[in-house]
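Written below as structure tokens is the structure these notes are about.
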Amino acid sequence: MSEYLIEVKDLCKKFPIKGGLLGREIGAVSAVNNVSFKIKKGETLGLVGESGCGKTTLGRSILRLIEPTSGEIIFNGKNIVDYTPAQMRAVRRKMQIIFQDPYASLNPRMTVGDILAEPMEIHGLHTEKASRRARLLELLNQVQLPADALNKYPHEFSGGQRQRICIARALAVEPEFIVCDEPVSALDVSVQAQVVNLLMDLQRDLGLTFLFIAHDLKVVEYISNRVAVMYLGNMIEVAESSELYGHAKHPYTKALFSAIPHASTEGRAGRIILEGDIPSPMNPPSGCHFNPRCWNATEECRKNFPPITNQSPTHQYRCYNPIQ
């Protein structure tokens, strides 16, 4: 069997733009453009980029919560893009998501016990009452919540505790792959560290594979084995975490990482301030989409979209004039 749990090949997602009195389609926004990557079993791929670059769309397309326009999503060696709803039902047990906002993603009218039991009912797991209760208590123990949480409602918990409930819900059906869609961005900094460490402990104990989407670059560096950078729907650089943070090749990656806060004056002096705004995905620039904001852009950058360059077997980027 392949060492890769997830293989994404040339994945695209376009959203139609409608206008006029009849609401006809007059164009399309390319949220994800021919993105390809792989995730090994048991590893964490961090996904970073500015707001609106397509990170969340990519994560949800992989799970087919959003239907991709084209491309392949190979999970456990099988292309699931053309799976019927009935076929996807079995796959969804192995692919789960943790949403960004723990306040909005839990039903306020359901107890924690009902919230955690719901996915088990859907997939026909632990149908006997004793077995289900034992599993519910096991889930609470895994996310470090007390047993009496089963009979409480979401409003009785703090933000960090609610996110632990969301993690437990994702674990309820014993998944192999979890998309973590900015799971700590709505939490206090001290709570963020606890939740990130919990995710890493669960990964180690249960053999989970993560796609970890986040804005906080230090959190991504801490939790990820590899990191991918997106810009305007394109994946522009992928590398091992230590390699990317220490030797970024794409100018956008370099500028993004320069924004990480530093205590020293020397670190702050290396800050790269990008000029101009992010181009509209409805009308992206020709050539490399980053060229209007890039200090390293050449005429070739403005004319042609750069192909993938292999810096090493584990480090790829799209740039004609990389950082040396």
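Read-outs: derived from the displayed coordinates by stated rules, not from any lab. It should be emphasised that the depicted structure is a prediction, and the values quoted were computed from it without experimental measurement. Neighbour counts are summed over all protein chains in view; Cβ atoms, including those assigned to glycine, are modelled from backbone coordinates with ideal geometry.
If you go through the stretch 55-97 and pick out every residue that is free of Cβ contacts under 8 Å to residues at least 24 places away in the same chain, aliphatic (A, V, I, L, M) and farther than 19 Å from ASN34 by Cβ, you end up with 3. Go through the residues of the stretch 108-124 one by one and say whether even a single one is in contact (Cβ under 8 Å) with a residue 60 or more places away in the chain and over 16 Å from the mean Cα position of the chain (by Cα). No - not one qualifying residue is present in the stretch 108-124. Where helices (runs of 4 or more DSSP H) sit wholly within the stretch 203-267, those with at least 3 residues that are within 22 Å of GLN311 (Cβ to Cβ) and within 15 Å of the chain's Cα centre (by Cα) occupy 217-223.
One residue stands out in the stretch 1-28 among those that are basic (Lys, Arg) and either over 20 Å from GLY52 (Cα atoms) or touching a residue at least 40 places away in the same chain (Cβ under 8 Å) (or both): the one that is surrounded by the most Cβ atoms within 10 Å (Cβ to Cβ), namely LYS13.
Being small (Gly, Ala, Ser), outside any strand (DSSP E or B) and out of contact with any Pro (no Cβ under 7 Å at 6 or more places or on another chain) is a description that applies to SER105. Among the conditions (1) surrounded by fewer than 18 Cβ atoms within 10 Å (Cβ to Cβ); (2) touching a residue at least 24 places away in the same chain (Cβ under 8 Å); (3) farther than 26 Å from ARG164 by Cα, the only one that HIS215 does not satisfy is (3).
Here the stretch 70-94 is the region considered, the condition is being in contact with a helix residue (DSSP H, G or I) (Cβ under 8 Å, 6 or more places away or on another chain) and aliphatic (A, V, I, L, M), and the residue that is surrounded by the fewest Cβ atoms within 10 Å (Cβ to Cβ) is ILE80. Of all residues in the stretch 270-299, those satisfying the criterion of being among the hydrophobic types (A, V, I, L, M, F, W, C) and either surrounded by 12 or more Cβ atoms within 10 Å (Cβ to Cβ) or assigned to a helix (DSSP H, G or I) (or both) are ILE272, LEU274, ILE278, CYS288, PHE290, CYS294, ALA297.
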